[in-house]
Amino acid sequence: MTDQASPDTLRSELRSWLAANKPQGWRDITDHKAFADSQKQWFLKLVEAGYAIPHWPKEWPGGGRSLAEQKVIYEEMAAADTPRLLLSFISTYHAYATLHECANDEQKTRYLPGILKGETWCQGFSEPGAGSDLAAIKCKAERDSRPDGDVYVVNGQKIWSTMAQYADMCLLLVRTSSEGAKQAGITYLLMDMKSPGVTVRPIEQIQGDEEFAEIFLDNVEVPVSQRVGEEGAGWAVAQATLASERGLTLLELSNRMRGALSRVAELIREHGHAEDRGILRDFGALVTQVDAASALADRFLENRIAGIERVGDASIVKNAYSRALRAYSLLGVRLGGMAEQYRAPITFGDLNTGNWMADFMNSYAWTIAGGSEEVQRNIIAERMLGMPREPKGWVL
Ligand SMILES: Cc1cc2nc3c(=O)[nH]c(=O)nc-3n(C[C@H](O)[C@H](O)[C@H](O)COP(=O)(O)OP(=O)(O)OC[C@H]3O[C@@H](n4cnc5c(N)ncnc54)[C@H](O)[C@@H]3O)c2cc1C
């Protein structure tokens with residue numbers, strides 16, 4: 001395999017590699033911790049084979065892939081029914097993008113190689129009173145001196161932090177000042193999750209997963225050397241983290257969904273609907289919707305690489321993906337019927353857990369994660385189309 005391989009060559013190389021190496025029986029795991037361990041092993045195997053980080057630059061093993069190659073990898077991974085890398089998702093996208101774009105050399109050297117050895121990151125942005133209005137965060141950090149260097153002493157709570165219960169490090173947004181604009185008092189820290197004073201409590205979800213957790217911070221000391229950017233400049237750094245969430249991750253997710261359409265086709269055959277014109281019509285509509293979501297993600301990234309990005313472009317991609325995911329999993333629920341709903345593996349759901357009902361319920365999470373659908377629509381309406389702005393001060 002070379003980094004100049006054509007997408008077709010890559011596809012056949014990857015198919016052979018997956019036939020020999022894809023994880024077996026991953027849906028039979030019944031324990032969350034064991035599932036997280038299996039995720040880590042699969043990630044390390046992909047790193048070794050050069051398929052884990054196609055979106056990183058080429059100085060990293062398996063990096064430097066074109067968008068076309070990245071799409072092939074995601075599609076083939078889904079078609080081979082491999083588990084999505086949820087455990088290392090924040091590390092390889094959010095942490096990577098933040099460190100690569102905003103961290104100093106010492107921080108990059110210290111943390112980037114660790115990600116490829118399986119060091120896991122979580123994102124500590126949202127708080128109980130600060131989600132859509134992220135700039136309202138209250139988690140407080142006060143600077144103090146210690147004999148071996150200055151630290152921030154952090155107190156507060158984070159919530160909805162994906163895989164935080166397994167994380168080694170956290171991308172943490174804190175408030176260092178309450179003066180002036182809300183955004184101006186925010187600082188960005190890299191926090192070791194093993195620091196004294198960090199308590200993580202997993203959140204149990206409706207479908208039995210524990211995909212995210214609350215993080216409680218009680219006088220946690222974070223060295224000032226672990227700050228990314230200047231004090232009070234954390235809002236700008238956070239945009240690098242969020243841009244990766246609203247760009248590359250959606251390329252992966254939409255292309256995985258495209259690769260996974262074969263599972264729906266299989267279900268149609270298995271349940272005897274191959275001649276059912278209604279079902280076939282709905283499947284056709286789904287294929288079109290998934291293709292459109294993938295095409296939007298592709299075009300968005302091609303434009304971003306070319307330096308073209310309008311306010312609202314990312315919101316369109318995000319909403320197209322979450323809508324298509326809902327349609328995909330809903331058709332699975334309809335086709336699978338009750339029998340499919342009784343199968344309930346522990347797989348940190350979203351796409352292809354093996355339980356269509358869990359996937360359908362979890363599809364709603366994607367209308368919230370990374371910025372809710374309503375807020376994305378507001379961005380499109382107000383900032384892209386110039387429609388009247390939402391009245392100030394109204395409450396839900
Ligand atoms: C699967 C998943 C994974 C996540 N992972 C992480 C993570 O790793 N780290 C992290 O920090 N956070 C994470 N989050 C949190 C996510 O970023 C927030 O849930 C999201 O920003 C919404 O914030 P909220 O939950 O506080 O809802 P709120 O902001 O309270 O919104 C509640 C409802 O009100 C609506 N609403 C809010 N404001 C407006 C408005 N101005 N106009 C119209 N409607 C409005 C919203 O659309 C929503 O329906 C995750 C969430 C999910 C679902």
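The values are calculated or read from the model by the stated rules, or taken from the named source; none is laboratory data. What you see is a predicted model; the values in this text were computed from it and never measured. For neighbour counting, all protein chains shown are included, and Cβ atoms are generated from backbone atoms with ideal geometry for every residue, glycine included. Accessible surface is based on the protein model in full, side chains and every heavy atom, while ligands, DNA and RNA are left aside. Shrake-Rupley method; radii C 1.70, N 1.55, O 1.52, S 1.80 Å.
Assorted remarks:
- Å² of accessible area per residue within the stretch 51-175, as computed with a 1.4 Å probe and no ligands counted: 36 Å²
- Once you reduce the stretch 63-121 and the stretch 258-305 to the center of their Cα atoms, the two points are 26 Å from each other.
- GLU266 sits with roughly 90 Å² accessible to a 1.4 Å probe, with DNA, RNA and ligands left out of the calculation.
- Kirkwood hydrodynamic radius computed over the stretch 135-204 comes to 13.3 Å, based on all pairs of distinct alpha carbons.
- Nonpolar atom fraction for the stretch 168-215, defined as the carbon and sulfur part of the 1.4 Å probe accessible area, stands at 49 percent.
- Cross-link reach is defined here as a Cα-Cα straight distance under 17 Å, omitting same-chain residues fewer than 8 places apart; for LYS40 the lysines meeting it are LYS22, LYS117.
- Beta bridge orientation in the chain: antiparallel %, DSSP, nearest 5: 85 percent
- Out-of-range pairs (alpha-carbon distance over 30 Å; input LYS58/LYS194; LYS108/LYS194; LYS108/LYS392; LYS45/LYS158): LYS58/LYS194; LYS108/LYS392; LYS45/LYS158
- Over the chain, dividing the summed -39,500 (n - 2.57) contributions of all DSSP H runs of at least 4 residues by the number of residues returns a 222 nm mean residue ellipticity of -14000 deg cm²/dmol.
- Legend: residues HIS94, HIS271, sorted from most to least accessible area (1.4 Å probe; ligands, DNA and RNA excluded), read HIS271, HIS94.
- Note on the chain: with a GNM built from Cα contacts shorter than 10 Å, the maximum mean-square fluctuation among ALA20, ALA34, ALA68 falls on ALA20.
- Overall, the accessible surface of the stretch 61-116 at a probe of 1.4 angstrom is composed of carbon and sulfur to the extent of 51 percent.
- Area accessible to solvent at ILE368, 1.4 Å probe radius, in Å²: 110 Å²
- Choice from ASP37, ASP105, ASP148 showing the highest fluctuation, given a GNM over the chain with Cα pairs closer than 10 Å: ASP148
- All other residues whose Cβ lies under 12 angstrom from that of SER178 are scored, Lys and Arg at +1 and Asp and Glu at -1, for a net of +2.
- Carbon + sulfur, % of accessible area of the stretch 239-379 - ligands and nucleic acids excluded, 1.4 Å: 57 percent
- At a probe radius of 1.4 angstrom, the accessible area of the stretch 207-323 per residue rounds to 43 square angstrom.
- The Cα-based radius of gyration and maximum Cα-Cα distance (Dmax) for the chain are 21.3, 75 Å.
- For the stretch 218-367: rounded, prolate or oblate by the Cα gyration tensor [a/c cutoff 1.5]: oblate
- Within the assembled protein chains, the solvent-accessible surface assigned to ARG310 is about 140 Å², based on a 1.4 Å probe.
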